[in-house]
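Everything on this sheet refers to the single structure shown next.
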Amino acid sequence: MLLPFAFSFIAAFAAFPQDSKPSAPRQPDPGGVREKLAAIEVEFSTVQEDFYKKYQDIKSKEEQAAYLKNTPKAAEYISKAWEIIHKNPKDPGVIVGLNWIIAETYAPGGADFTKALDLVAADFIDSKEASEICSQLQYSPIDDARKFLETVLSRSKLIEIRASACSAIGGMCMNRANTVDYFNSSKDKKEYAENYIKTRGQEAFDKMSKADSAALRVEAEKYYEQVIKEFGAVASQTKFAEGALFEIRNLSNGRQAPEIVGKDVDNKEMKLSDFKGKVVVLDFWGYW
Amino acid sequence: MLPHERSLVKRMEGKPFALVGMNSDSDRAKLKETMAKENITWPSFFDGGGTSGPIATKWNVHGWPTIYVIDHKGVIRYKNVREKAMDAAVDKLIAEMEAEKSSK
């Protein structure tokens, strides 16, 4: 059910340094805001797991489609989280709930998404979760996500978090460029458009379908270069930016594929150029 | 993925086409067993036994599967096309190649 470009998992969660102020380890408090919010997240993911476990046993396509109409919705759990957040706005544990709400709503966005981002920007811009949120937002098609990242980039006190925001803006541009190219080359544009609108909303679709992927890649390059120039001290993000720049410059559509020299599964040498003269589907895969 | 790939390879038999895997599994011996069991007949690189192998790293691959479709001149033409879209991309590039040959 995922859109084809939404498969990536984020490998860029930056290793996070300890807070500069040493403090005694916090004892878990079962009645605490942090724990209550974490419990809501667990509750919802358990409901989802059960739902998809049952789905696996359904054989016919028609029954599957009918079943999926009752896919668990986060809305009810998000309301519960808001209740706790509103009662305890100054509790540092609130970030756990905001982080989760953002993860649940980053596409197609909406009022919960925007409100959660605003609160993070106001009170948690230097928290370790801010970095995680930035990485996640590169997959969001929503303008508020971009605005949030720019706020973090200009205002966070911590270099790791600014680096993460900068890298995520680059990632956002690149993901959009890839989506635009994918859409333009897709065989069944109508089906793709319907799926896109369903998961990400009409507004995001209109914007995507008019966007220029080459310009988006130029923009992505600019932010990745900034990561390397300004945030060279943050090794994980620099490495990520270097990889992304290599991809933009050497692996975009229309570029000559770089040579690959490696070993095949029998440990014999194999090269990509062994297949020159043929149309090649190169499939990065794993059996797991 | 696999059923579609098997049928694509079968459909392209005798055509100038190759499906080339870049595998990121950890255990080569186990992988060979899997390939026999799953009837994976096409060639695959073995990328050093993990998801952070040298080639996946260089190609900036963070999600699996990641697909590149490369034409007969070695130019990258499509990315991450699946199923029907992959078939369409391959058919188009094969047709391009044949048109080029016959115009020579």
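Rule-based calculations on the coordinates, nothing more; no lab input. What you see is a predicted model, and the numbers here were worked out from it, not measured in a lab. Every residue, glycine as well, gets a Cβ built from its backbone with ideal geometry; the counts of neighbours run over all protein chains shown.
A cut-off of 5 Å between modelled amide H atoms, ignoring neighbours fewer than 5 places along the same chain, links B:Thr66 with A:Phe284.
Show me A:76-89, B:65-78 ranked by packing, highest mean number of other Cβ atoms within 10 Å first. Kindly include the intermediate steps, with their values, before the conclusion.
Values: A:76-89: 15.8, B:65-78: 19.6.
Top to bottom by mean Cβ count within 10 Å: B:65-78, A:76-89.
What is chain A by shape, rounded, prolate or oblate, if you read a ≥ b ≥ c off the alpha carbon gyration tensor as root eigenvalues and call it rounded for a/c under 1.5, prolate for a/b larger than b/c, and oblate otherwise? Because a/c hits 1.5 or more and a/b fails to exceed b/c, chain A counts as oblate.
Counting Cβ atoms of other protein chains within 10 Å of each Cβ in A:253-263 and taking the mean gives 5. Springs join every pair of Cα atoms under 10 Å in this Gaussian network model of chain A, and among A:Leu149, A:Leu216, A:Leu272 the largest mean-square fluctuation is at A:Leu272. Between A:Lys61 and B:Lys84, the simple label model (points 7 Å from Cα in the Cβ direction) yields a spacing of 1.0 nm.
Between helix B:2-11 and chain B there is an angle of about 40 degrees, using the helix long axis and the longest principal axis of the Cα atoms.
Angle, helix B:83-103 long axis vs. longest principal axis of chain B, Cα atoms, 0 to 90°, nearest 10? Helix B:83-103 sits roughly 40 degrees off the main axis of chain B. GNM, chain A, Cα, under 10 Å: largest mean-square fluctuation among A:Gly97, A:Gly262, A:Gly31? Its mean-square fluctuation being the largest, the pick is A:Gly262.
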